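What follows is a short report on a single structure.
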Amino acid sequence: MSILGISAGFHDSAISVVDQSGTITFASHSERYSRQKNDANLCRELLSEVDFADIDTIAYYERPFKKQLRQLYAGQGFKFDQLFVRQLLKQHGVPFSCRTKIKCYDHHLSHVAAGFQTSPFTDATVVVIDAIGEFTTASIWKANYNADGKVVYECLWKQGYPHSLGLFYSAFTKHIGLHPLDEEYILMGMAAWGENKHFDKIYNDHVDNISEFRFKKNLHAGLDEDYLIEALDVDIAASVQAITEHMVHRLVNKARHMHWSRNLVLMGGVALNCVANSKLNDDYQNIWIMPNPGDAGSSLGAAALAYGKRLNWQGPMLGYNIPGAYPVNRIIEALLEKQIVGVASGSAEFGPRALGHRSLLADPRGPDIKDRVNEIKRRQKFRPFAPMILAEQVEQYFDMPKSWQESPYMQSVGVCRDPDQFPAICHVDKTSRVQTVGKEPQFAGVRELLEKWFVLTGCPMLLNTSLNIRGEPMVNTRNDADRFEDQYGVEVVS
């Protein structure tokens, strides 16, 4: 029998299925099926991927009653029809019988489990930083397996609502005209274009006690419209990013001084801030961030908690499968002819970043490639793109942080050694969010593509961005790929 993990009701709903051996047999986002960006609800098409006759246990990623108490405390009202997990499952159309075991877990514990039980570690210090779950907004945990292989967690420290670094970052995301809980990554990209002019003012206006992650104001409702009204958005972004990096480092350092483990697992939505991640070099021997560290990934965390042992993690290619061999030769032909091509092949990535199975690929050397790809994706022209590169070549082309010599899931940035040669994948500060591609089975097709591309062109990398346009989910099925071809005039091969 299998376990179904569910994250639903807030944003970016998702499900994960874990079988009795600890293998993750499926995991995906609701938005990929409903085609509604950050869909908070579970859609029928996603649930149809699950054989419910084989589901013994349903695991939910947070405790609904506790969440309703927090929402009441926050002035958001109290919804009686969302007090219990069985009510929520019925609302989302999840079929279950009276014999189905239903479990729910604390929001931050689900984050912890999604990270630690997919990591290669036998023990770890786990740090979770997000916007808000039930009440907890940041926490530190120790994690290990006992003699029977069962996972053991202990919370060492936590901070609660309304003191939240995630809410702080989202408030400023909204303040500069972006969509909170969606476009925080754009603020991160804007930061490199600005100057850190407002660090002291923003910090002094909002941070109360950095050691305890306390803020002076509740930023859940956002900022006053006239706050820093004369400041440039890019300078606000640079200052907010600098404060965030400082606070993340302080919390990770606080966890280190609890002397539990030199292995760090970082989770929660803030763990998607790859610029901050790249500066965590000296505190730990090893760092692991599961490639879906936000709430969607907590569907896997809930299933992991119900399973209770280490999961058989083989990588994030866990979603809808477009069968067939990876179309290496067709991709190369299209790149040589048109320089830009889409690929939709194999199982879709579980997480917000495309890693070669639902990607828009391009030659990173063309001077106009960045503008052409941004035009296709309907994105702001300042926004950078990421390179995928043969792992053994990364040191020659990028100056990577010590803890991120391997970065298979685009979780860190490095400085490009020759930005003039690769303008399409370099940001204004000469950094790139690097994806290293090794010889792991999960990347077999992508690896073969890069090897052949290297032989033909002498270039060991390609530009890799998600196969979507701004505001839409990534392509999921072959039908989605056909629509993308028709609407945006870009060939998508499978």
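Kindly provide the set of residues from region 349-376 that are over 28 Å from residue 440 (Cα atoms) and modelled with pLDDT of 90 or more, ordered by number.
If the condition is that a residue be over 28 Å from residue 440 (Cα atoms) and modelled with pLDDT of 90 or more, then 368, 369, 370, 371, 372, 373, 374, 375, 376 are the ones that fit.
Kindly establish whether residue 296 is touching an Asp or Glu at 6+ places or on another chain (Cβ under 6 Å), over 25 Å from residue 188 (Cβ atoms) and modelled with pLDDT of 95 or more.
no
Report the residue count in region 357-410 for those that are under 20 Å from residue 490 (Cα atoms), small (Gly, Ala, Ser) and out of contact with any Leu (no Cβ under 6 Å at 6 or more places or on another chain).
Going through region 357-410 one residue at a time, the tally reaches 2.
Looking only at region 90-101, decide whether some residue is aliphatic (A, V, I, L, M), at pLDDT 95 or above and farther than 17 Å from residue 301 by Cα.
For region 90-101, residues aliphatic (A, V, I, L, M), at pLDDT 95 or above and farther than 17 Å from residue 301 by Cα: present.
Report, ordered by the first and then the second residue, all pairs with beta carbons closer than 8 Å, sequence separation of six or more or different chains, a first member in region 405-417 that is under 16 Å from residue 265 (Cβ atoms) and assigned by TED's automatic domain parsing to the domain that holds residue 440, and a second member that is surrounded by fewer than 24 Cβ atoms within 10 Å (Cβ to Cβ) and aromatic (Phe, Trp, Tyr).
411/404; 412/404
Checking residue 160 against (1) surrounded by 20 or more Cβ atoms within 10 Å (Cβ to Cβ); (2) free of Cβ contacts under 8 Å to residues at least 40 places away in the same chain; (3) touching a strand residue (DSSP E or B) at 6+ places or on another chain (Cβ under 9 Å): exactly one of these is not met. Which one?
(1)
Restricting attention to region 215-238, does a residue exist that is surrounded by 15 or more Cβ atoms within 10 Å (Cβ to Cβ), closer than 23 Å to residue 280 by Cα and either modelled with pLDDT under 95 or small (Gly, Ala, Ser) (or both)?
Checked against the condition, which is being surrounded by 15 or more Cβ atoms within 10 Å (Cβ to Cβ), closer than 23 Å to residue 280 by Cα and either modelled with pLDDT under 95 or small (Gly, Ala, Ser) (or both), region 215-238 yields at least one hit.
Among (1) within 30 Å of residue 308 (Cβ to Cβ); (2) within 23 Å of the chain's Cα centre (by Cα); (3) surrounded by fewer than 15 Cβ atoms within 10 Å (Cβ to Cβ), which single condition is residue 154 missing?
(2)
Under 7 Å between Cβ atoms, at least 6 apart or on separate chains: pull out the pairs that start in region 100-118 with a residue that is among the acidic types (Asp, Glu) and end on any residue that is at pLDDT 95 or above and surrounded by 23 or more Cβ atoms within 10 Å (Cβ to Cβ).
Note: pairs meeting the criteria are 106/62.
Among the residues of region 213-263 satisfying the criterion of being in a loop (DSSP other than H, G, I, E, B) and among the basic types (Lys, Arg), which is nearest to the chain's Cα centre (by Cα)?
262
Can you work out which of the residues in region 255-302 that are surrounded by fewer than 24 Cβ atoms within 10 Å (Cβ to Cβ) and among the hydroxyl-bearing types (Ser, Thr, Tyr) is farthest from residue 182 (Cα to Cα)?
261
The values are calculated or read from the model by the stated rules, or taken from the named source; none is laboratory data. These numbers come from a predicted model, not from an experiment. Methodologically, a virtual Cβ is constructed for each residue, glycine included, from the backbone with ideal geometry; neighbour enumeration extends over all protein chains shown.
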